[in-house]
Every structure is written in C-alpha cells, then in structure tokens.
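The block underneath contains the structure these notes are about, expressed in structure tokens.
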Amino acid sequence: MDQWFSIKLLEKETIAILVKKSGIEINPEEVTYDRLAAWINSKGIKQGIQSEVIRKIAGNIESIHSPLEIAKGILPVHGEPAQLIPAAEAHTLINNPENDKVDFKRLFTIPTVSFGQLIARKREASHGTPGITVFGEPIPAKRGKDVKVKNGENTVFNEENLGVFAAASGEVSYRSNCVNVYPVYKVDGDLSLKTGHIDFVGNVHVTGDVPSGFKINAQGDVRIEGLVEAAEIVAAGNIVVGGGVLGQGKGSIRCGGNFTSLYINQGNIMAGENIEAAQSILHSYCEAGKNIICISGKGNIAGGTCIAENMITANEIGNETYSKTLIYMKLQEPQPNKTFIGDEKIKELQLNLEKLQQLKDALVRQAGNSNRLDQGTVSKIDNTINQTSAKLSELYTEKNNFAINDQSNSSHVIIKGTLHPNVEISIGKYKRRVQSPFQSAKVYMEEKEIKINSL
C-alpha cells in the first residue's frame, strides 16, 4: 500500500486523510478492504476509523478521488476563563437573536448600589474537555485562564466567597477584573456653550447629544442617550452611545472598557475591551483590545478598518458595491525555530513498528504454509511492539502538549451572513483579499495560511 497511498494528518492529528500518490497505476485486485484496513492500522491509526469510507475506496479505487477522510478523532474543548459576573446580570445586545427588536432604552439602565451590597461574584475557570488523536492518544484540554480580581474604586473583593461588595453608594462600572462604584455627573439635554467641556472623576451621563468640537473626560463610565458627532470622549471605564456615532471622520472616542452604540458611521473608536454596534459599522476606524461585535439588526461592517485581538463577528462584512473593507486580527508572532525535539524519534519508532509488524506477519504466513510457528520469537516481537507503541504514546502526548502550549492565538472572524469581495483580511503578518462572496463563514489561521471555511 505504501507505493500507492500516503496518509496526511490535520488539526493536531485528529483527522487522517488518505492521499493517492500521483503517476502510479494501482492494481484494483490488490486493494481490498481487509488489506487497506490492515495497512491503516499498521500506521497506528485506530480512533474514529471511517470503515464505510475505506470500504468505498477498496470497492471503487479507479473512480475514487483523493484526498478522503479515513479517521477522525476529537479536538479538545478548552476551559472557560474565569469571569466577574454581575450580581443582577443584565442582558446585552450580544445575546439578542438577529431578528429580535432591540430596545435601546435598556442601554441607559444605570445600575446603582448601596453601601455593603453584593454587586458581582467571580466565576472560577473551568477545566475543559480533553480530545483524542486518530492514534488514540489523549489531547489535554487547557484550563481556562484565571482572572485576578482587584479591589476597584469603592469596592472590596472577598477571597473566601468570591464576592465583590460596594464600599460606598453610587453607580456601578463593571470591568473584566474589577468593579468600580462612582459618583455621577449628569447633563440634562445636549452639551452646549452653557455646559462647556466636561472633566469629571466619576461617571458622566448626558441625556442629549454631544455636538462636534466638545470634549468629555471621565474616570468612570460615560453614557450618552443622543448622538455623538465629531467630539472627543475619553473614559477610563465603559462608553455607551444610544443615538449612534456620526463622526464625519473627525474626533475620537477612547475607553478602557467596552464601547457600545446603536451604530458607528465615520467614527474613530478605540476600546480596551470590546466594541459592540447594534446595527452597523460604516467607514470607521475601530480598534478593540478583545472583540468587535455587530450582529443585531442588519449587523453590517463595511468600509474603513476594524482591528481586534480575539474575534470580529458580524452578520455581513463588506457590501454589494464592494467597498474596500480592512479587517485586521492581531496575532502574536511564534518564536523562530521552535519545533518539537521528539519528531525524529517519532519517525524512527514508527518505522521500527512497521518493520516489526511486517516481520510478525511474515512469520505467521510461513507458519501457515508449514504448520510450524515459532511462538517464542513471535512473543518477543509482540513484546517489542508493545514497548515501541508505549514509547510512541508518550511522545505523542508530549507533542500534543507542546502544540497546545505553543498555540499563540485563536484569533478569528465569524460572518453569519455574507462575506463580500474586496474585503482584505489580515491575521498577524499574513493577508488575504476576498475575491468572491462567501456565505456563513469562519476565517482563521492554519499552517501559516488564512483559511475561509463555511460554518
């Protein structure tokens, strides 16, 4: 079989692909199901074998086109990270089904607390579920990343019951690793010459619009019920804009936490954590430390540049007029020349195992012809096969642990609807321009190549 076929392994050895070697004529009579299955087994593949596929190959070798999946293991499911959960958990736009009507008045439900009140609780990281390779070797799952909860402004974290309690009365501002309670500065109506610029140590709440040229600087959260034009807004916490952003390509909005808005049009947005637009992000520059989310309503990202660390997800990226849209996922560069030192030993043991199996098969065939079987020699071969297999198992586990620990980033893009042409997607230093439309797709990096696969 070796002269006709080879086996390619994918996705951390959880998928085995049978490939026909080109330019070599195959004798169909010699490729039976039993021989093909035995050859696959001799390569150490035993988990998730697709018997029907192998039977189909053996019965139609001349008409079958490779590559074909012949075995499938299970990828590990890594643990969920630790997280601070609000005591009275609020629903967010990210959980809204695409066609549900969004009540944007909810954006301005400002949580207020009293002294001594429980306001959040830490949910500890989970362990995850291990996977298994096609060789039957376990793939350990990574435990979710822990979060070291800090005492915030006017809050105290209790290590024993994992609760965060208010040390003063005021408005709550949730961050990924702490909770703050701030006093509030409220502006009834629009910012104007009467109010001037705002610089405040706590939260700022504006019930109207923020026109071009005005500035807001807050050490807490900023909530604006109306529109934001070409203004400059800086917040150490979160920023919520209910009426949307009409930035005209000027001004800027920066926050240390999450930015949430009805829509973003020609805006410049930078958020330390997530950027979430309920309807659309059009011809804007958006940069998020974690995720960019646009999946409510039309959920369209078109024109401009979107940059994120972990994930960008939208119902639609690009548009039917092929507006140039740049999507950039940050990716930590792998360390050069970082390879698993046991690869050569694995190849050597695999070759030895194959030779031992061939020797054993030859002895059994000879014994069948002469009715004499040297049981002692066969037992020694079996013992050597078992020892070699055990050593291989150890090396496969080490290699899988190495691959998991070396995985630098899981950055990806999810498109629930249409990914249009003229969208340029970059992951780290790699770049791919979309030439034709895709429906319901995931974009990710694999083997130094940006791939687009249907969901």
Practice task
Any aspartates and glutamates with Cα under 12 Å of the LYS429 Cα? List them, leaving off those in the same chain fewer than 8 positions away.
Solution key: GLU333, GLU449
Practice task
Show the residues, 5+ positions off or on another chain, whose built amide H is closer than 5 Å to the amide H of GLY213.
Solution key: ALA230, ALA231, GLU232
Practice task
Report, ordered by chain and residue number, the aspartates and glutamates lying within cross-link reach of LYS442, taken as a straight Cα distance under 13 Å and ignoring same-chain residues fewer than 8 apart.
Solution key: GLU316
Practice task
Calculate for the chain the 222 nm mean residue ellipticity that helices alone would give, adding -39,500 (n - 2.57) per DSSP H run of length 4 or more and normalising by residue count, nearest 500 deg cm²/dmol.
Solution key: -6000 deg cm²/dmol
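Which percent of the accessible heavy-atom area of the chain goes to carbon and sulfur, probe 1.4 angstrom?
It is 49 percent, rounded to a whole number.
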Practice task
Label the range 4-52 by shape, choosing from rounded, prolate and oblate, from the square roots a ≥ b ≥ c of the eigenvalues of the Cα gyration tensor; if a/c is under 1.5 it is rounded, and otherwise prolate applies when a/b is larger than b/c, oblate when it is not.
Solution key: oblate
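Past 26 Å, Cα to Cα: identify those pairs from LYS142/LYS290; LYS148/LYS451; LYS122/LYS298; LYS46/LYS347; LYS20/LYS347, in the order given.
Working: LYS142/LYS290 20 Å; LYS148/LYS451 35 Å; LYS122/LYS298 34 Å; LYS46/LYS347 18 Å; LYS20/LYS347 21 Å.
Pairs exceeding the cut-off: LYS148/LYS451; LYS122/LYS298.
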Problem - Largest to smallest accessible area among SER379, SER393 [probe 1.4 Å] - result: SER379, SER393
Problem - Model label zone, LYS324; criterion: amide N under 18 Å from point 7 Å along Cα-to-beta-carbon; scope the range 218-255 - result: 249
Problem - Degrees between helix 343-370 axis and first principal axis of the chain (Cα, 0 to 90, nearest 10) - result: 30 degrees
Exercise for the section: Would you please classify the overall shape of the range 264-307 from the alpha carbon gyration tensor, given that a ≥ b ≥ c denote the square roots of the eigenvalues, rounded means a/c under 1.5, and beyond that prolate means a/b larger than b/c while oblate covers the rest? Expected result: oblate
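How big, on average over all directions, is the shadow cast by the Cα convex hull of the range 98-229, in nm²?
Result: 13.1 nm².
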Practice task
Output the direction-averaged projected area (hull surface divided by four) of the convex hull of the alpha-carbon atoms of the chain, in nm².
Solution key: 28.6 nm²
Exercise for the section: Place a +1 charge on the Cβ of each Lys and Arg in the chain and a -1 charge on the Cβ of each Asp and Glu, then give the dipole magnitude about the Cα centre in debye, rounded to the nearest 20. Expected result: 500 debye
Problem - Furthest towards positive pole of dipole, ILE74, ILE7, VAL147, structure part the chain, Cβ charges - result: ILE7
Problem - Pair-distance profile P(r), taking every C-alpha pair of the range 1-91, with 5 angstrom steps and integer % - result: 3, 12, 22, 20, 12, 6, 4, 3, 4, 4, 4, 3, 2, 1
Problem - Rounded accessible area of LYS186 (nearest 10 Å², 1.4 Å probe) - result: 120 Å²
Exercise for the section: Heavy atoms only, probe 1.4 angstrom, no DNA, RNA or ligands counted: give me HIS78, HIS205, HIS412, HIS127 ranked by accessible area, highest first. Expected result: HIS127, HIS78, HIS412, HIS205
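Averaging sequence separations of C-alpha pairs under 8 Å and six or more residues apart, then dividing by the length of the chain, give the relative contact order as a whole percent.
Working: 1119 pairs, mean separation 40.1, N = 455.
The value is 9 percent.
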Handout entry: Accessible area (Å², per residue) of the chain, counting only protein heavy atoms and a probe of 1.4 Å
Key = 52 Å²
Handout entry: Listed residues ALA38, ILE301, VAL210: farthest to the positive end of the dipole of the chain (Cβ charges)
Key = ALA38
Fill in the blank from the handout: Here, the range 155-282 modelled as identical Cα point scatterers in vacuum has Debye log10 I(q)/I(0) at q = 0.11, 0.14, 0.18, 0.19 Å⁻¹ of -0.37, -0.58, -0.89, -0.98
Problem - Tilt relative to the chain, helix 33-42 - C-alpha long axis, 0 to 90 degrees, to 10 - result: 70 degrees
Completion exercise
Amide H neighbours of ALA71 at under 5 Å, excluding residues fewer than 5 places away on the same chain, with H built from the backbone geometry, are ALA16, GLN50
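The values are calculated or read from the model by the stated rules, or taken from the named source; none is laboratory data. Every value quoted in this text rests on a predicted model; they were computed, and no experiment measured them. Glycine also receives a Cβ, built like all others from the backbone with ideal geometry; neighbour counts cover every protein chain displayed. Note: areas computed on protein heavy atoms with side chains; ligands, DNA, RNA excluded. Shrake-Rupley method; radii C 1.70, N 1.55, O 1.52, S 1.80 Å.
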